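Just so it is clear, none of the values below were taken in a lab; they were calculated from the coordinates. Since the model is a prediction, treat every value here as computed from it, not as a measurement. Because the Cβ atoms are built from the backbone with ideal geometry, glycine has one as well, and the counts that use them run over all protein chains shown.
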Amino acid sequence: MQKIKPQGNGSVCPACGYRDGFHVAIDRADDSERDRIHLICPACHQHFDPGWDIAVRKRP
């Protein structure tokens, strides 16, 4: 997985130049309260790590 720093509107794939955005995947860690966001290019299927994470709230 390639680490990237999205710039501008962040919708262009740095690997193939596809310009219509990314699919989003969430990498769940069972023992963590934070999950990582990964971007996947729908054209070339390259996976990217933009360095984003999200807080996970457990529902009662």
Count of residues meeting criterion [surrounded by 14 or more Cβ atoms within 10 Å (Cβ to Cβ) and without any contact (Cβ under 8 Å) to a residue 12 or more places away in the chain] in the range 1-20 = 1
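For (1) in contact with a Leu (Cβ under 7 Å, 6 or more places away or on another chain); (2) hydroxyl-bearing (Ser, Thr, Tyr), each residue gets a yes or a no:
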| position | (1), (2) |
| --- | --- |
| Ser11 | no, yes |
| Arg19 | no, no |
| Asp27 | no, no |
| Ala43 | no, no |
| Pro50 | yes, no |
Asp49 vs. criteria out of contact with any Asp or Glu (no Cβ under 7 Å at 6 or more places or on another chain), of a type in the set (Asp, Glu) and surrounded by 11 or more Cβ atoms within 10 Å (Cβ to Cβ) | yes
